[in-house]
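First the structure, which I've put down as structure tokens, then a few questions once you've had a look.
The values are calculated or read from the model by the stated rules, or taken from the named source; none is laboratory data. Just so you know, these numbers come straight off a predicted model, no measurement behind them. A quick note on method: Cβ atoms are made from the backbone with ideal geometry, for glycine too, and the neighbour counts reach across all protein chains shown. Protein only, heavy atoms only, side chains kept; ligands, DNA and RNA dropped before computing areas. Shrake-Rupley method; radii C 1.70, N 1.55, O 1.52, S 1.80 Å.
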Amino acid sequence: MGQQLYTTQPTFRRALDRCHEILKDYLEKPLLEVLFSNTSHLLHETVYTQPALFSLEYALTQLWHSWGIYPQAVLGHSLGEYAAACCAGVFSLEDGLRLVSERGRLMDALPKTGTMVAVFAGQDQVNAFIQGSGYDVAIAAVNGPRNTVVSGQDRAIAALVQQLKAAGIATKTLQVSQGFHSPLMEPIVAAFAAVARTVTYCEPTLDVVTNLTGAVNPSAIASPDYWIAHICQPVQFAASIETLQQQDYEVFIEIGPKPTLLNMAKQMMPEGFGVWLPSLRTDQEAWLTLLQSLGQLYVQGATINWQGFDQDYPRRKLNPLLNPLPTYPFQRQHYWIDAQPGIKRRHLETPSFLHDPFPKTGETDALW
């Protein structure tokens with residue numbers, strides 16, 4: 001995950017190396033070994049999944065920044081909100097990694113008796129089934145008008161799924177290790193709170209659309225109470241996307257290993273609305289994906305820091321005697337493509353590590 005960029009992009013490598021050094025105090029296995037060694041199974045263990053995804057998002061963000069691309073608003077999904085908050089200055093990289101590492105360690109230690117299922121129905125309809133059945137199941141995320149994630153004990157979820165299928169409602173079991181964002185997480189809340197209250201929080205330097213409300217709430221997110229509640233409360237992703245649309249955002253960048261958040265968000269928008277740009281894809285080389293997205297940003301009128309883009313590559317002057325310039329005169333014709341009128345230049349970077357709405361043994365990650 002991110003190995004090509006680590007090998008070829010010094011800015012990305014420096015950021016990931018910094019995370020690697022910080023995490024030496026928290027992880028039994030080094031971050032770079034988790035990401036790049038043959039022991040890939042470690043990435044599917046929650047204790048490693050969460051800090052690895054956070055670190056990948058952080059390094060991708062630093063690469064975008066070096067090219068002059070800065071968000072005006074950020075939105076994270078579950079774990080991804082930690083990366084989004086860090087990039088918005090809510091807490092330092094050191095504190096962010098400490099929070100994420102402790103969160104992953106505590107969650108990994110819980111009994112593996114929970115699961116999560118995406119239900120392709122609205123929140124109210126799903127709630128009616130839950131309340132009518134009496135099952136101990138919680139809504140973990142509202143990802144769209146007809147995309148609701150439920151979380152709970154294996155048996156309760158299985159029984160609920162049978163009722164939903166009998167009613168003709170489609171479901172999809174998510175590949176997770178536990179029932180995140182549900183009362184199953186309550187046993188770790190006190191231990192996590194003890195760590196969260198030692199962190200220094202600041203109000204964000206840009207808009208953060210929060211998971212718990214789907215609105216911009218600077219004071220709430222700059223508090224340990226927010227992150228403590230974040231453990232068990234549902235992710236209001238659909239409401240968050242509506243907030244961004246209401247604020248006229250039209251260009252979105254997802255930060256993460258694949259464009260899961262972009263795909264969910266696009267389904268809530270009118271056809272043809274917005275520009276949706278991934279940082280990485282699983283079916284394409286990382287560098288090609290980034291260049292394609294950067295090119296689309298440029299066409300939309302974004303100001304690219306080309307010196308920053310070029311800074312990591314060695315250059316040498318040509319000897320004019322050995323490598324003469326062309327002998328014909330420059331024609332000085334204009335070939336630049338003008339920005340399309342009416343396109344707003346606000347953009348949302350999206351740190352997301354989304355494989356499915358909840359990646360295997362981890363949670364979803366971030367948009368900006």
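Only one of V195, V117, V126, V90 is open to solvent by less than 10 Å² (accessible area, probe 1.4 Å), in a helix (DSSP H, G or I) and either in contact with a Phe, Trp or Tyr (Cβ under 7 Å, 6 or more places away or on another chain) or under 26 Å from I228 (Cα atoms) (or both); which?
Every option except V126 fails the conditions.
Report yes if Y58 is under 30 Å from F309 (Cα atoms), out of contact with any Phe, Trp or Tyr (no Cβ under 7 Å at 6 or more places or on another chain), surrounded by 21 or more Cβ atoms within 10 Å (Cβ to Cβ) and aromatic (F, W, Y), otherwise no.
Numbers: under 30 Å from F309 (Cα atoms): yes; out of contact with any Phe, Trp or Tyr (no Cβ under 7 Å at 6 or more places or on another chain): yes; surrounded by 21 or more Cβ atoms within 10 Å (Cβ to Cβ): yes; aromatic (F, W, Y): yes.
Yes, satisfied.
So, one more: Within region 25-67, track down each residue that is of a type in the set (S, T, N, Q), out of contact with any Asp or Glu (no Cβ under 8 Å at 6 or more places or on another chain) and closer than 22 Å to D95 by Cβ.
Of everything in region 25-67, those that are of a type in the set (S, T, N, Q), out of contact with any Asp or Glu (no Cβ under 8 Å at 6 or more places or on another chain) and closer than 22 Å to D95 by Cβ turn out to be T49, S55, Q62.
Scan region 120-139 and report the pairs whose first residue is free of Cβ contacts under 8 Å to residues at least 40 places away in the same chain and whose second residue is hydroxyl-bearing (S, T, Y) and open to solvent by less than 60 Å² (accessible area, probe 1.4 Å), with Cβ atoms within less than 6 Å and a gap of 6+ or a chain change.
Every condition considered, the pairs that remain are Q123/T148; V126/T148.
Give the number of residues within region 20-50 that are in contact with a Pro (Cβ under 8 Å, 6 or more places away or on another chain) and not aliphatic (A, V, I, L, M).
4
Out of the residues in region 49-72 meeting the condition of being hydroxyl-bearing (S, T, Y) and in a helix (DSSP H, G or I), tell me which one is farthest from L294 (Cα to Cα).
T49
To continue, here is another question. Right, G132: small (G, A, S), open to solvent by 50 Å² or more (accessible area, probe 1.4 Å) and not in a loop (DSSP other than H, G, I, E, B) or not?
Here the answer is yes, as G132 does meet what is asked.
Looking at T205, T213, T200 in this structure, which one is of a type in the set (V, I, T), closer than 16 Å to S78 by Cα, in a loop (DSSP other than H, G, I, E, B) and open to solvent by 60 Å² or more (accessible area, probe 1.4 Å)?
Working: T205 fails: closer than 16 Å to S78 by Cα; T200 fails: closer than 16 Å to S78 by Cα.
From the options T205, T213, T200, the qualifying one is T213.
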